[in-house]
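Engineer: Here you go, one structure.
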Amino acid sequence: MVASSAESQSAVFASQEVGNAAYLDRHNLQMFQDGRSFSGNERDKLFFNRGDGTFADLSDLSACDSPNDGRAVIAFDADDDGDVDLFVHNIQRERHALYRNEIGERYGSFLKLRLSATSSQHEAIGATVTVHGPHGPVAQVLTRGAGFSSCQVPELVFGLGAAEDAEVEVRWPGGSVESFGALAAGSRALLVEGAGTPRPIAHRPRPLPDPLPRGLKLGLGDRIGTVALLTADERLEQVDFASISGGRRVYLNFWASYCAPCVAELPALQALHASGEAVVIGVSTDAPADTQRAHDLFEARGARFPCYFIGARPDPERGVSSLESLIDLERLPIPTTLVLSAEGAVERVVRGPLRAE
Amino acid sequence: MPSSSRVVTALSLLLVAGAAAWFLRPDDAPNPPDPRPAPPPAVEPVPADLVLPATIDLPDPDPRITDLETVEDKSELVADWLLDFSDKLRRRDFSAAARWFSPRFAGHSLAGLAVGGEGTLHADARKRTWDAAGAPIVDRDRFLAGIEELIGPWTRMESVLWKVKGAEFQAGGGERWGKIKLFLHMTGTRSDGGVSAIGGWAWLRVAREAGLWRIQRFQLTSLAETWHEGPLFTDVSAAAGVAHQGLRFGQPGNQSFAWNGAAGGDVDGDGLWDLFVPSDGRNFLYVAQDDGTYADQARERGVELPDAGTGAVFFDHDNDGDADLVVGHIGWCAGEEGVGGRALALYENDGTGHFEERSAALGLTEPVVAYSLTVFDYDGDGWLDVFACAYGRVAVEHNNSWIEANNGAPNALFRNLGGTGFEEVAERAGVRGDQWSYASAAADFDADGDVDLYVANDYGSNRLYRNEGDGTFRDVAPQVGVTDIGNGMGVSWGDLDADGRLDLYVANMSSTAGNRILGRLGDEIDPEMMALLRKLAAGNTIFEAESDGTFRALPSSAGGVNASWAWSVALCDFDLDGRLDVFNTNGFVTGDLPHDT
């Protein structure tokens, strides 16, 4: 049986009868209210241009590949360090995401260009800027509204690789082409139509703040009160971090048996605890079924400081909070160690192993 | 099933993935799917007498189930079941993960493989492949221990996905089993802050044992790891003050796909880039502060309401030197009155970053079912005009074709009358269109001095409106080769091959289910139709500008285009190496359940 194209087409057009819009609306929303996904959990994509006509998909490695449902994106230099950061608008949950570019400086220098037209509307929308970079002339257009429902800032960033400068020309709206000569790498410039030479723009560094680890629900200075935790033999303990400190700092270490760097640092944590300089408390984030396994591993590595496990019921009425109120078990990278003051306030967050503590 | 209706089913599934199954299936579906399988409560030990085979052999089911809907139902069932398994692995809950396996399981280990090769992917991103053919054959417990060993160095699991890419099932009344083509993928954070990803392909034999699906065999085809030392990007949303937690999609107050635009500009003239984000309930205006954070000042600066905006653009509508703001609203989820769209909202900047809405006074009263907005001076009179892409009136009328719908709402082009008002001229200018338009981007692609406009349409072909220089446009998409039939969602111009010419990147929707179904339809459809269907499922397109004014679509094998259900796209040089790269947002709707359609 082979359907001809015409037959298929007419069948396709006939299918509109089942596309009753109210039906669609009703079922679409019902489906989502039921918690189902529809092409969900797709991770945003970052493709790097290899320069040989192909692209490398580094999305997985990018850490800007959120599985949230992304729509608009603004790609701009938010901190004026010369590389392009990303703002993404998602349709739900963590609606607004700002990703700081960490690699630009590693691979090359830049030109940052703004435009001002004189023979047409001053914003020069639609102007094409060409920078003669290390791999040839690269053209970008100044837009106001492109992508999907996205309006980019009126500034173009060009990468220069290792080049020390690059020739810049502008095709202004109206069609005139103007050369601005060679601009030195790292230039921030306003190109005014007819001026022929670039005007420098002041560097306005505003470093974007470093984040605390994802999954940590506490900020620096927050106090940890009494937390419900389980011992290895599944006894409930209400751990009061201020009272167990004995006037010393408390190192609250999150680890798991499946985490190789965590297991590797257990002896160092034990040494710190045994020195008496600080109190070390371990919390294993292993699934409850793996508590015994984690406990056995803990002891086998010679660790003797108190270690607790997840799964305890909190008692909020008596001021006993859950571990989950401090951390998101699924999102916190481990090992993570919170360094607490003697009063139980978060002084410092150590990501990864303690190293030279 | 006659093949024409088979094509309809395939197309519908292809175009709107499984939601089409909801539309097409009558309320009293005659063939209810199998009940969703639950994992068994306890893990049986691996039998002491288990003898591991010398090789892992996986014959195809024979005879196999051929009815498209039945096999799709089963595939989806197994796919959901493996997504639940993925979730256990992501939590590194290996005890729970064991319940997905037969106690008599035998398969190739993922650990202990010889390195087959190592090389550079791009810049400092590296790739290592393992020799899958030499993988040791192990039992269930050693298989899981192998995964644990493989991902042990990671400080955080980012994602785990065991995805069904193909499935065939045994027909007849005997053992119920299937052969699954599996894509497995795991990512995690390294202790140096970089990310590592392990991906591979395998075949699974899954079968019903004592009423439960279980994995019996695992045959590894390929396995590779990619990684980058140190991070490429860092999520600083919370630290920078822009981490707004929204309602789950589908809840009252968040029922539109569309309230998700964003605009960047300098509202207060301090030289720092601010962000306007239309949203449900209220809008956001993130004003950049010197300390690297943002302060939401939508209320005090007068752009908090009306909510439910779509596209937004900063531009100087009255040429007084500051950034004014225009916002589209499709309206159709806001109730009956919004079905035909709503007027654009124009906020006039007073020069200090405070806004006053002046839409009605400026003649912006015409309702538009607006998504993306693009601002440019189409007639070269020195005043910026506003083009609004209009989609369809979804609440009252569905698209009349999956391939070339022509019952979309009309686009609007608001001509700027010297800063004192706007008049709608889309018809006169030739850009009204009857497509379901999602996105537009303006550029002088033919370098003739006036600014042209590309419009990406859902359910059909796209338009390249060439500016004729006399206040009108002419669609030249077919002549220059950029119609890109499909489900257009986003578009950007940028020179991707460093030849000084603006290339075109079109973001399209593509679905895993669609591609899977196409694979099954095989020879039953005529080649012309098949080619069309394949295009509809193919994903994004890169059109490279040629020296003769036409465009050439890059083959998808060149990469850079496989972004699933893509939306927006930004073409920027993220690594500053002198070549433009590609960032795509994507994903339709993610529910709380791991299952997908």
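The values are calculated or read from the model by the stated rules, or taken from the named source; none is laboratory data. Since we're looking at a predicted model, the values are computed, not measured. Here the Cβ positions follow ideal geometry from the backbone for every residue, glycine too, while neighbour counts run over all protein chains shown. These accessible areas exclude ligands, DNA and RNA; they are computed on the full protein's heavy atoms, side chains included. Shrake-Rupley method; radii C 1.70, N 1.55, O 1.52, S 1.80 Å.
Engineer: Segment A:155-228: which GluC sites (Glu not before Pro) are DSSP loop and have at most 14 other beta-carbon atoms within 10 angstrom?
Structural biologist: A:Glu164
Engineer: Quick check for me: using +1 on Lys/Arg Cβ and -1 on Asp/Glu Cβ, what's the dipole size of segment B:341-441 about its Cα centre, in debye to the nearest 20?
Structural biologist: Dipole magnitude for segment B:341-441 comes out near 280 debye.
Engineer: State, as an integer percentage, the relative contact order of segment A:191-337 based on alpha-carbon contacts under 8 Å between residues 6 or more apart.
Structural biologist: After rounding, I find 33 percent.
Engineer: Distance between Cα centroids, segment A:331-357 to segment A:233-280: provide it in whole Å.
Structural biologist: Cα centres, segment A:331-357 to segment A:233-280: 10 Å.
Engineer: Counting pairs of alpha carbon atoms under 8 Å apart in space and at least six apart in sequence, what relative contact order in percent does chain A give?
Structural biologist: It rounds to 12 percent for chain A.
Engineer: Rounded to whole Å and sorted largest first, list the principal axis extents of the Cα atoms in the protein assembly as shown.
Structural biologist: 84, 76, 55
Engineer: Then there is this: Express the accessible area of the protein assembly as shown per residue in Å², computed with a 1.4 Å probe while the remaining protein chains stay in the model. Spell out each step's value before the answer.
Structural biologist: Working: 33110 Å² over 954 residues.
Roughly 35 Å² per residue, with all protein chains present.
Engineer: Could you pull out every Cys in chain A that lacks a partner Cys with its beta carbon under 4.7 Å away?
Structural biologist: Taking the Cβ cut-off of 4.7 Å, the unpaired cysteines of chain A are A:Cys64, A:Cys151, A:Cys307.
Engineer: What's the average, rounded to a whole number, of partner chain beta-carbon atoms within 10 Å of each residue's beta-carbon in B:88-97?
Structural biologist: What the average comes to for B:88-97 is 4.
Engineer: Something else: Please list, short to long, the whole-number percent of alpha-carbon pairs of segment B:163-228 in consecutive 10 angstrom bins beginning at zero.
Structural biologist: Calculated over all Cα pairs of segment B:163-228, the distribution is 20, 37, 24, 14, 5, 1 percent.
Engineer: What is the average number of partner chain Cβ atoms found within 10 Å of a Cβ in B:496-509?
Structural biologist: Across B:496-509, the average partner-chain Cβ count within 10 Å equals 4.
Engineer: What's the average, rounded to a whole number, of partner chain beta-carbon atoms within 10 Å of each residue's beta-carbon in B:119-129?
Structural biologist: Details: counts 0, 1, 6, 12, 8, 4, 8, 1, 1, 0, 0.
Rounded to a whole number, the mean comes out at 4.
Engineer: Follow-up question, since we're still on this one. Please state, rounded to one decimal and in Å, the Kirkwood hydrodynamic radius that segment B:94-195 gives when every pair of distinct Cα atoms enters the mean of 1/r.
Structural biologist: After inverting the pairwise mean of 1/r, the radius is 16.1 Å.
Engineer: Per the helix-only calculation at 222 nm, which mean residue ellipticity applies to chain B, given -39500 (n - 2.57) for every DSSP H run of n ≥ 4 and division by its residues, nearest 500 deg cm²/dmol?
Structural biologist: Values: 10 runs with 92 residues, N = 597.
Computed mean residue ellipticity for chain B: -4500 deg cm²/dmol.
Engineer: Under 21 Å between alpha carbons, and skipping anything fewer than 8 positions from A:Lys45 in its own chain: which lysines qualify?
Structural biologist: Answer for A:Lys45, where 21 Å is the Cα cut-off: B:Lys127, B:Lys163, B:Lys165, B:Lys535, listed by chain and number.
Engineer: Give the residue list of GluC sites (Glu not before Pro) in segment A:303-337 that are DSSP loop and have at most 15 other beta-carbon atoms within 10 angstrom.
Structural biologist: Sites meeting the loop and neighbour criteria: A:Glu330.
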